[in-house]
1. Scanning for something open to solvent by 10 Å² or more (accessible area, probe 1.4 Å), within 14 Å of Ala181 (Cα to Cα), among the polar types (S, T, N, Q) and at pLDDT 95 or above, does the stretch 70-82 turn up at least one residue?
2. Failed condition for Thr121, given (1) touching a residue at least 40 places away in the same chain (Cβ under 8 Å); (2) touching a Ser or Thr at 6+ places or on another chain (Cβ under 8 Å), with all others met?
Amino acid sequence: MKNIVILISGRGSNMEAIVRAREAQHWPARIAAVISNKPDAKGLGFAQAHGIPTAVVDHKAFASREAFDAALQETIDGFAPDLVVLAGFMRILTVGFVEHYAGRMLNIHPSLLPLFPGLHTHRQALAAGVSEHGATVHFVTAELDHGPSVLQARIPVLPGDTEDMLAERLLAEEHVIYPQAVRLFVENRLSIADGEVRIAETTSI
């Protein structure tokens, strides 16, 4: 039984999708905690309603990024995580923090990485005139939005699309691929070789 800790900063809709998928599909895992850097994050209420322990590590209470990450790491490790999942966690993490969870921390980014790292991905996609857009679940590394890709979802960019329209259509796809990627990890089907993710056909649980 693997322990999953999910980090959020707001509503945490991807967190909700993961929680619901775990419940419906009976993964050999439990959501050990949902942790936010914002006390008013709406996703905390969802987690509590589902019987999931929650915690807040308010980044505003710390004088430096390093001090915040140290406190966050201590809180996370109190739940003995096998996997840390970033679900709309709006903080840039220090190298030491990322290395501590190397190979066991996932993120979802709203673009077809390596295209459009960073913020405002939908705006970047429209400005570039691409014909398709998407989202990428990837392992987190020290280089922002550049970790090995696990799964991607693709959507067409339609005439007249706005940033909000792209975001809404893409979010529905994120809610599919993020739980899939987490389940692959839980079932020991993910490995990293030569900087690329390999997905085993069958579970090794």
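The values are calculated or read from the model by the stated rules, or taken from the named source; none is laboratory data. All values reported here derive from a predicted model rather than from experimental measurement. Please note: Cβ atoms are built from the backbone with ideal geometry, for glycine as well, and neighbour counts cover all protein chains shown. In case anyone asks, the SASA skips ligands and DNA or RNA and just uses the protein heavy atoms, side chains included. Shrake-Rupley method; radii C 1.70, N 1.55, O 1.52, S 1.80 Å.
1. Checked the stretch 70-82: no residue is open to solvent by 10 Å² or more (accessible area, probe 1.4 Å), within 14 Å of Ala181 (Cα to Cα), among the polar types (S, T, N, Q) and at pLDDT 95 or above.
2. Unmet condition: (1).
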